[in-house]
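Below: the structure, in structure tokens.
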Amino acid sequence: MGSVKRRKFWGWGYEGEGLPDDRIESLGRLAGERLRVPPPGLRPAPSIEWLNLREPRLRPPTALAEIFSAGKWDRAEHTLGKSFHDLARGIEGRYDNPPDLVAFPRSEAEVAQVLEWCASVGAAAIPYGGGSSVAGGIEPEVGEDYTGAVSVDLRRLDRVLEVDAASRTARIQGGVLGPSLEDQLRPHGLTLRHFPQSFEVSSLGGWIATRSGGHYATLFTHIDEFVEGLRMITPAGVYETRRLPGSGAGTDPNRLVIGSEGILGVITEAWMWLQARPVFRASAPVTFARFEDAWQAARDILQAGLWPANCRLLDHDEALMSGAGDGSASVLIVTFESADHPLDAWIGRALEICRDHGGAAPEGAGTTSRQEDAARVGAAGRWRQAFIQGGHLHDAFVRLGLVMETFETAITWDRFPHFHAQVVEATRRAAEEVCGAAIVTCRFAYVYPDGPAPYYTVLAPGREGQQVEQWAAVKQAASDELIRLGGTITHHHAVGRYHREWYDRERPELFARALGAAKRALDPAAIMNPGVLIDPPR
Ligand SMILES: Cc1cc2nc3c(=O)[nH]c(=O)nc-3n(C[C@H](O)[C@H](O)[C@H](O)COP(=O)(O)OP(=O)(O)OC[C@H]3O[C@@H](n4cnc5c(N)ncnc54)[C@H](O)[C@@H]3O)c2cc1C
């Protein structure tokens, strides 16, 4: 499939991108020091020549041959997602479940024809946006009940089709990636303002299918809030909802699709609610000697109804590792943005709340700036830079042979202190047992008036060839604990295949049956992304 920039088949982003080796080696030295182990050596990223992919079990239909690929690169690129489990298998050349074919439909009609053909030959169809899933959502691990698997890549459906300036909404195709979407909206002075960390290589359809969470998004956190109406091509026909600013007409038909993770159909278009581009910004990094003071400040800011665009808390170690601090304090980055009005009153009140909890803001913080880079300087800027490089950093740790992965959840404030202590303890204990040493850090990815969405990072030394199993043991302990204590197995990374065991314990049994019935209606042959979310009813 010809495109100007080719996406990597292993790791984050496009060919030629990534951290330089000397930077990765210095990260290795830092990690070695923190873990008190010798600095790990650097492994090469895998090369396409090393891979032995299973022969395709399907041949494309003649009528659609030009939109299918059985090329090695395309199949490899569509095999693994971007979690540690994926990257660690990938670097060892473990590409056990490649799709037999990759389809690149150019229109809704072609999406429908691909699904029809898959149903007719008994193949599974796996919707694919940016492939940034960290939950095993796009891996064609479909079992023996299918004749093969087809990855349905939406990259050719990448246009903003219509802008309704009066209602400030736009009709957008599902395959568009973050940067291109914003480029197309910019001339209209509008923005979707949905920035998951994977923004660069994740798609609108993928965001809707996974209920993604954006950053600079304390008020409108999940993509859910922006969906006005949508279209999904299902094996049973077109599922289209009305464009409405709101409706009380029964259970929301948009909500059945939002979070459906490709098991009901392919989201081809959505009418999305947009915002004016921000002009005014006010931002401050506030340091706290104690993590518990920092999280109480974050809670009080949210409960005061101030709705900062960003209210990101980094614990001591997280601040150190991201460069936002020196490890002696937790850092709360508070940012307000508006297209309409200066923000002195909002940031002023937020800093007052922080001071009440013992927080210290830099001299001069607390005023509005009209400069676009106002939130990109100092500690906040260093954190932002590390955040943007997140995908490349993950690859770097895998190349260093370390076990490095994140997991995220949400819990109400009343349970948070106990929950946090227990989850960190269970995770650290498991990681130390399995890996010999470990660091477990925490940040708040999102904050709500009734609780935070904590995001944990585990860093531990890996044993050659055993990193996948080492992480599996740590994940088991961490996930068991957070489900036992009433958290969710995912706040914004979706369920996919990796979180099924814990999702099955979290969701009501009757809900799974109801979702199964909906799936049967929309996907009678159960070809859509089998193994994700629920067992396919057959
Ligand atoms: C470095 C990194 C940072 C990340 N940061 C965030 C973050 O900040 N917030 C967050 O929420 N997530 C984050 N993620 C997870 C991931 O990016 C999100 O889940 C994202 O929404 C997936 O979008 P995608 O287009 O890449 O979907 P894919 O990975 O291609 O697919 C994900 C799932 O959605 C389904 N799907 C994809 N497109 C469609 C469609 N058009 N119709 C129906 N189903 C579809 C797939 O079948 C699969 O089940 C991150 C991942 C990485 C690697």
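The values are calculated or read from the model by the stated rules, or taken from the named source; none is laboratory data. Quantities reported herein were computed from a predicted structural model and do not represent experimental measurements. Using ideal geometry, Cβ is built from the backbone for each residue, glycine included, and neighbour counts are taken over all protein chains shown.
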Quiz item: Is there a residue being buried (at least 21 other Cβ atoms within 10 Å of the Cβ) and acidic (Asp, Glu) anywhere in segment 251-266?
Solution: yes
Practice problem: May I ask you to list the residues in segment 240-290 that are modelled with pLDDT of 95 or more, out of contact with any Asp or Glu (no Cβ under 6 Å at 6 or more places or on another chain) and charged (D, E, K, R)? | Solution: Glu240, Arg242, Asp252, Arg255, Glu261, Glu269, Arg290
Quiz item: Filter segment 328-350 for residues that are touching a Ser or Thr at 6+ places or on another chain (Cβ under 8 Å) and more than 20 Å from Val447 (Cβ to Cβ); which is surrounded by the fewest Cβ atoms within 10 Å (Cβ to Cβ)?
Solution: Asp344
Quiz item: Just one of Thr427, Thr441 is surrounded by 15 or more Cβ atoms within 10 Å (Cβ to Cβ) and in a helix (DSSP H, G or I); which is it?
Solution: Thr427
Quiz item: If the Cβ limit is 8 Å and pairs must be 6+ apart or interchain, which residue in segment 202-224 that is in contact (Cβ under 8 Å) with a residue 40 or more places away in the chain pairs with which residue that is of a type in the set (Ser, Thr, Tyr) and more than 8 Å from the ligand (Cβ to nearest atom)?
Solution: Gly213/Thr221; Gly213/Tyr446; Tyr216/Thr335; Ala217/Tyr446; Thr218/Tyr446; Thr221/Tyr446; Thr221/Tyr448
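Residues checked against (1) hydroxyl-bearing (Ser, Thr, Tyr); (2) under 18 Å from Gly259 (Cβ atoms); (3) within 16 Å of the ligand (Cβ to nearest atom); (4) crowded, with 16+ Cβ neighbours inside 10 Å:
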| site | (1), (2), (3), (4) |
| --- | --- |
| Gln470 | no, no, no, yes |
| Ala478 | no, no, no, yes |
| Leu482 | no, no, no, yes |
| Leu485 | no, no, no, yes |
| Thr488 | yes, yes, yes, yes |
| Ala494 | no, yes, yes, yes |
| Arg500 | no, yes, yes, yes |
| Phe511 | no, yes, no, no |
Quiz item: Looking at segment 394-424, which of its residues are aliphatic (A, V, I, L, M) and crowded, with 20+ Cβ neighbours inside 10 Å?
Solution: Ala396, Val398, Leu400, Leu402, Val403, Met404, Ala410, Ile411, Val423
Exercise. With the condition kept exactly as written, say whether any residue in segment 351-363 is of a type outside the set (D, E, K, R), touching a strand residue (DSSP E or B) at 6+ places or on another chain (Cβ under 8 Å), modelled with pLDDT under 95 and in a helix (DSSP H, G or I).
Key: no
Quiz item: Which residues, counting only those in segment 364-394, are within 16 Å of the ligand (Cβ to nearest atom) and not in a loop (DSSP other than H, G, I, E, B)?
Solution: Trp383, Arg384, Gln385, Ala386, Phe387, Ile388, Gly390, Gly391, His392, Leu393, His394
